[in-house]
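The values are calculated or read from the model by the stated rules, or taken from the named source; none is laboratory data. Given the structure is predicted, the values throughout are model-derived calculations rather than measurements. Cβ atoms come from the backbone with ideal geometry, glycine included; neighbour counts cover every protein chain shown. With ligands, DNA and RNA removed, areas are computed over all heavy atoms of the protein, side chains included. Shrake-Rupley method; radii C 1.70, N 1.55, O 1.52, S 1.80 Å.
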Amino acid sequence: MGLEGIGARVVRKEDKRFITGAGRYVDDMVVPGMKHAAFVRSPHAHADIESIDVSAARAMPGVIGVLTGREIKADGIGNLICGWMIHSKDGTPMKMGAWSPMATDRVRFVGEAVAVVVAETKADARDAAEAVVVNYRERPAITDAVAALQDGAPQLHPEADNNLIYDWDIGDASAVEKAMASAAHVTTMHLVNNRLVPNAMEPRAALGHYDKAEDHYTCWTTSQNPHVARVVMSAFYNVAPENKLRVIAPDVGGGFGSKIFIYPEEIVCLWASKKTGVPVKWVADRTESFLTDAHGRDHVTEVKLAFDANNRMTAMKVETVANLGGYMSLFSSSVPTYLYATLLSGQYAIPAIHCNVKAVYTNTAPVDAYRGAGRPEATYVVERVVETAARELGVSPAELRRQNFITTFPHQTPVIMAYDAGDYAASLDAAMKAADHAGFPARKAEAASRGKLRGLGMSCYIEACGIAPSQAVGSLGAGVGLWESAEVRVNMAGTIEVLTGSHSHGQGHETTFAQLVSHRLGVPIDQVSIVHGDTDKVQMGMGTYGSRSGAVGMSAIVKALDKVEAKARKIAAHLLEADEADIVIENGELKVAGTDKALPWFQMALAAYAAHNLPAGMEPGLKEGAFYDPTNFTFPAGCYICEVEVDPETGTTEIVQFVAADDFGNIINPMIVEGQVHGGIAQGVGQALLEGCHYDPATGQLITASYMDYTMPRAGDLPSFVVSTTNTPCPGNPLGIKGCGEAGAIGSPPAVINAITDAIGNNDLTMPATPQKVWAAIRAATKH
Amino acid sequence: MYSVNYHRAASVEDAARLLAANDEAKLVSGGMTLIPAMKTRLAAPSDLIDLRHIAALKGISVSGSTVTIGAGTTHAEVAASQELAAACPAFVKLAGSIGDPHVRHLGTIGGSVANNDPAADYPAALLALGATVVTNKREVAAEDFFTGLFETALGEGEIVTAIRFTAPQAAGYQKFRNPASRYAMAGVFVARGSDGVKVAVTGAGDNGVFRSAEMEAALSSNFDAAALDGLTLPADGMMSDIHASADYRANLVVVMAKRAVAAANG
Ligand SMILES: Cc1cc2nc3c(=O)[nH]c(=O)nc-3n(C[C@H](O)[C@H](O)[C@H](O)COP(=O)(O)OP(=O)(O)OC[C@H]3O[C@@H](n4cnc5c(N)ncnc54)[C@H](O)[C@@H]3O)c2cc1C
């Protein structure tokens, strides 16, 4: 592998600038003449806008312009779109209500943009925003998705009767009914997947610059996918044609999904820059982040899991209500459908599955993909119900799982997915060993002697990553193909630039992608630079989400490297007077196998550009591009075991041990993979124990709108994780990579809740399992 | 934050004069409560009068069993004081448990007491220790000083200058933190002194810090955690919010009281 090749624990190249405070984020960007924007936002969850009076604001000091939704509409800027078409089971298309970048006549969630002020300073802009007078006529608000479906509930969009966006299903309902009827045992559960606020460390930001002389726009934005942003803003929002719009996503301080989507603010900044004649910057404050970043999860689910007399799973039936908030965000429709229901088979051979999903509008912030996107929700359903079934059947949760594992591959599930490779028993065994599963009863007894309730819970998760084959997602309703592109440029002196459509916002691509090149060519990683995040530099890309940068983004680099190597071999063979087939590339040299003849890499590059002596007919230069379209999803899987101690007097849960055994296929940099798992588990523990987004049901006000009320996980809430990996290489891509970015957040919540419910002897517990809830559950359990 | 005029007061008298000269002025001490409120535009004083450079407001002195702490003393200074640790270790521990290091190095006891946040720690200590709040105009017993949620007996233009109390024979403080804010959701300070046992509760009462007669009665005859076994407090009068119901707070108060007594005796 070499010191810096695939498999090496190389320290991250990018961290020097991050940990010395020298990263360059959107808010660090300065353009001459730049001014500042502040948005006027709705204080109401649901109201009609009767009038907007901007005259006082226009007269405030430093104000350059005050703009409203009517003006943006008049200029032909389009409504926001949802890029994945879902059809209801009756064949009708989803009901998409109009979402204007700034509201014109009605607001549907607290924080919705209503007007924007551009002023000399941020403070001037804020002062003037407060002087904009908006007259609202309040309407009743609804925040709960199940309640929003009821007759008589407040209606959000005229397009969607009873606030129902779609009523979708997947799988064979009658086969499931039949299996349920003849089952020896059926476990039934009601499960809630709590709504989360993403809370990336860097708030969203945008800087729009219209250059009048060039008739050209530049947008710096906190995006996980700047090319997608450019397409969407050009083709759908009519901000500017693609060739006149450059989108730059510089260093981005965390996304977790929330920075995939195109939000009103970047559209408004670009448009306002043309309108006012100055570059316009907006940076969200933390309150705006809480109110307007797309939230995650928010499902209510009924699940039934049927078993035969030998404890084999025979069928699963799932009914889910998914809250999508006030408007449909860019990929919102796909999250509770194709990213969720297609994973309901888990790691198990279940002959029949049926799932119905109702997506619903409510007066809350839009909900979209958040680390894991659909797959944490599916895993929570599967792993809670399997654990509960084991308790009901009186068998070991580990053995019930093992007995039902899929063991032969490829395996076609009843819900679209074709698993390509895996060894679920290997992960289970590794986790049980690392967790000293056998020693648990003794630890439980010892804890009891200290007055503590000790519990153990597991979760055997599977996810679908590396999204996704373009034709497949196209047939399921996606508006775009989900390939990736790369270009490898060898410079004249042999150093290398890799241009990638993937976007790094914490993942460490500058290191791992360089490791791949180093592995292939034997050049040190500091001679390899990774270029990303700028539509003027990289031709095209689909960006980073769904743990796709390794499996898809790096596969595109592999394809481009193949082409570079092929040409380099030809040049070397020509110069060394050898047969092309005998040339091997290693340690930065092109060697003739079996001889001591060699050409240093840089000399080959020099020859490619000097072009004095190239094979007949060969073009000068050395630069190759490639697009890679995945052949299948990838299927990371693993087993997590969580052990907790609960203080019955206060309901406090302490995680005393957390073991993760993951199968990510081949691994480029184990240190970075471990970091991704650590961060993912922290987020999953956050969901399970701490984070709960809470809207006041009567008024639709966000109660948890700051860190005073929204609990983010802290270091002290987490144990030192015990992580390890097993490996069944992914057969679907050239590197055998499955992806590791989301696993921690997907696998951990059910492990934590299974552990707590095991400890307290009450299975009726919702996330986040705060001390108050755990204390109440203990009391309820001891009452009867 | 709105724009604001800044004044650095040279003395308590200077601060009082500046305060009297301007209706919309506010004192700022550590700024750990006031500045965040200004940043979110929830507070909008026209003038800030900075107390941080007044030497007379700083320092801790222990003379015999009398402890005096200047209003401008930071939580970190209280937490690090050896003299105070010898006189009342629970008080020192309490100071060291406030917020995070940033907050402790800027926030002051005077600011905390004047603010009387219903979840703040110091008010429980002052009440249980029978402390005296010294102002530029008078001395007020803690019992009379804390009057409600964010309410105190401070009048117009009145500035807290020091806190004074008699070191107890034994004292302990335990709190259960709000998971998000990390302020006390139920904090109990117990003190046994020459005038008996006092138990003060913060973070839980719907009218702010309060003394618990039930627990004081139980502990007066037997200053041991076991004396509280089986004791339950009514949920009535407890605060209720998304983090903790009144019921749950009533439970936590008793649990924290037991642990505080154990700490006092340990
Ligand atoms: C992140 C964070 C966590 C915190 N956690 C805790 C915690 O766990 N426990 C806890 O108890 N507190 C906590 N606090 C509050 C902290 O202790 C504050 O420092 C304290 O409440 C106020 O003190 P200050 O000196 O900062 O006052 P300032 O913010 O300067 O002032 C507060 C108020 O008191 C007035 N005031 C200030 N000094 C005087 C005076 N001498 N006389 C009259 N009025 C005066 C001011 O005008 C203002 O209205 C936390 C704060 C933060 C930001």
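Can you check what the Kirkwood hydrodynamic radius comes to for the protein assembly as shown, Cα pairs only, in Å to one decimal?
Its Kirkwood hydrodynamic radius stands at 31.6 Å.
Enter the Cα centre distance for the pair region B:196-266 and region A:577-643, rounded to the nearest angstrom.
After rounding, the separation between the Cα centres reads 72 Å.
Which lysines, if any, have their Cα less than 29 Å from the Cα of residue A:783, not counting same-chain residues under 8 positions apart?
Partners within reach: A:304, A:444, A:452, A:773, B:175, B:258.
What is the distance, in nm, between label points placed 7 Å from the Cα along the Cα-to-Cβ direction at residue A:146 and at residue A:409?
Spacing of the two 7 Å Cα→Cβ label points: 3.8 nm.
Here are some pairs, A:16/A:567; A:244/A:563; A:13/A:537; A:16/A:738; A:537/A:623; B:58/B:137; which of them have Cα atoms lying more than 24 Å apart in this structure? List each step's numbers first, then the result.
Values: A:16/A:567 35 Å; A:244/A:563 31 Å; A:13/A:537 21 Å; A:16/A:738 28 Å; A:537/A:623 14 Å; B:58/B:137 18 Å.
Pairs exceeding 24 Å: A:16/A:567; A:244/A:563; A:16/A:738.
If you restrict to DSSP beta bridges whose two residues both lie in region A:127-251, what percentage is antiparallel, to the nearest 5? Each step should come with its number before you reach the end.
Values: 6 of 10 bridges.
Roughly 60 percent of the beta bridges in region A:127-251 run antiparallel, per DSSP.
How large is ³J(HN,Hα), in whole Hz, for each residue of region A:175-181 in order, when computed from phi with the Karplus curve 6.51 cos²θ - 1.76 cosθ + 1.60 and θ = phi - 60°, using x for Gly and Pro?
These are the phi-based 3J(HN,Hα) values: 4, 5, 4, 4, 5, 4, 5 Hz.
Multiplying the sequence separation of residue A:399 and residue A:201 by 0.36 nm and subtracting their Cα-Cα distance, what value in nm do you get? Provide the component values of the computation, followed by the final result.
Values: separation 198, 0.36 × 198 = 71.28 nm, distance 4.09 nm.
Separation in residues times 0.36 nm, less the Cα-Cα distance, equals 67.2 nm.
Kindly point out which whole DSSP H helices in chain B project their C-alpha atoms 20 angstrom or further along the helix axis while averaging a Kyte-Doolittle hydropathy of 0.5 or above.
Values: long enough: B:246-265 (29 Å, 0.52).
Result, helices passing both filters: B:246-265.
From the convex hull of the Cα coordinates of region A:310-410, what is the mean projected area in square nanometres? Let's see the in-between values first.
Working: hull surface 29.9 nm².
Answer in nm², one decimal: 7.5.
What do you get for Rg/Rh of region A:253-361 when both radii come from the Cα atoms and Rh is the Kirkwood radius? All intermediate terms of the calculation are to be shown ahead of the outcome.
Numbers: Rg = 20.4 Å, Rh = 17.2 Å.
Computed over Cα atoms, the ratio is 1.19.
Keeping all protein chains in place, calculate the accessible area per residue for chain A (probe 1.4 angstrom), answer in Å².
Accessible area per residue: 35 Å².
Tell me the relative contact order for region B:170-264 as a rounded percent, counting alpha carbon contacts under 8 Å between residues six or more apart. Kindly include the intermediate steps, with their values, before the conclusion.
On the way: 187 pairs, mean separation 31.7, N = 95.
33 percent.
So how strong a dipole does the protein assembly as shown carry about its Cα centre when Lys and Arg Cβ are +1 and Asp and Glu Cβ are -1, to the nearest 20 debye?
Values: 86 positive and 113 negative charges, 137 e Å.
The calculated dipole for the protein assembly as shown is roughly 660 debye.
In the calculated pair distance distribution of region A:483-628, what percentage of Cα-Cα distances lie above 20 Å?
Working: 4829 of 10585 pairs.
That fraction is 46 percent.
For region B:110-125, just list the computed ³J(HN,Hα) in residue order, Karplus coefficients 6.51, -1.76 and 1.60, θ = phi - 60°, integers in Hz, with x standing in for Gly and Pro.
The phi angles translate into x, x, 5, 5, 5, 6, 6, 4, x, 10, 6, 7, 3, x, 5, 5 Hz.
Could you give the length gained by full extension between residue A:779 and residue A:310, i.e. 0.36 nm per residue of separation minus their alpha carbon distance, to one decimal place?
Numbers: separation 469, 0.36 × 469 = 168.84 nm, distance 3.52 nm.
Between residue A:779 and residue A:310, full extension yields an extra 165.3 nm.
So for region B:5-50, considering every pair of alpha-carbon atoms, how many percent are separated by more than 13 Å?
Summing the P(r) tail past 13 Å for region B:5-50 gives 51 percent.
For residue A:475 and residue A:442, compute 0.36 nm times the residue count separating them, minus their Cα-Cα distance, and round to one decimal in nm. Display every interim value, and only then the final one.
Details: separation 33, 0.36 × 33 = 11.88 nm, distance 5.35 nm.
Computed gain between residue A:475 and residue A:442 is 6.5 nm.
If you take the Cα atoms of region A:520-582, find Rg, then find the Kirkwood Rh from the mean of 1/r over all pairs, what is Rg/Rh?
Numbers: Rg = 15.4 Å, Rh = 14.2 Å.
Taking Rh as the inverse mean 1/r over Cα pairs, Rg/Rh reads 1.08.
With unit charges on the beta carbon (Lys/Arg positive, Asp/Glu negative), name the residue among A:671, A:622, A:644 whose Cα is farthest towards the positive pole of the charge dipole of region A:564-673.
Toward the positive end, the furthest listed residue is A:622.
Inverting the mean 1/r over all pairs of different Cα atoms, compute the Kirkwood radius of region B:57-166 and quote it in Å.
Details: mean 1/r = 0.0734 Å⁻¹.
Hydrodynamic radius (Kirkwood, Cα only) of region B:57-166 equals 13.6 Å.
Can you compute the label reach from residue B:102? Point 7 Å from Cα along the Cβ direction, backbone N cut-off under 18 Å, restricted to region B:3-39.
Label zone hits: B:29-39.
Can you list the residues, at least 5 places off or on another chain, whose amide H is less than 5 Å from the amide H of residue B:28, using H built in the peptide plane?
It is B:49, B:50, B:51, by chain and number.
List, in order, the whole-Hz ³J(HN,Hα) value for each residue of region A:521-534 obtained from phi through the Karplus relation with A = 6.51, B = -1.76, C = 1.60 and θ = phi - 60°; use x for Gly and Pro.
Listing the rounded values in order: 9, x, 9, x, 5, 6, 9, 10, 10, 9, 10, 7, x, 9 Hz.
What FRET efficiency, computed as 1/(1 + (r/R0)^6) with R0 = 25 Å and r the Cβ-Cβ distance, is obtained for residue B:169 and residue B:139, rounded to the nearest 0.05? Walk me through the numbers before you get to the answer.
Details: r = 23 Å, r/R0 = 0.94.
Computed FRET efficiency for residue B:169 and residue B:139 comes out at 0.60.
Please report the spacing between the Cα centers of region B:61-86 and region A:189-236 in Å, no decimals.
Comparing the Cα centres of region B:61-86 and region A:189-236, I get a distance of 52 Å.
Going by Cα centres, region A:133-178 and region A:252-271 are how many Å apart?
Region A:133-178 and region A:252-271 have Cα centres separated by 26 Å.
State which stretch of chain A is the longest one without any exposed GluC sites (Glu not before Pro), exposure meaning a DSSP loop state and at most 13 other Cβ atoms within 10 Å. Present the calculation step by step, with values, prior to reporting the outcome.
Details: sites that count: A:159, A:214, A:577.
Segment A:215-576 is the longest.
Amide H neighbours of residue A:86 under 5 Å, counting only residues 5+ apart in sequence or on other chains, H built in-plane at 1.01 Å?
A:94
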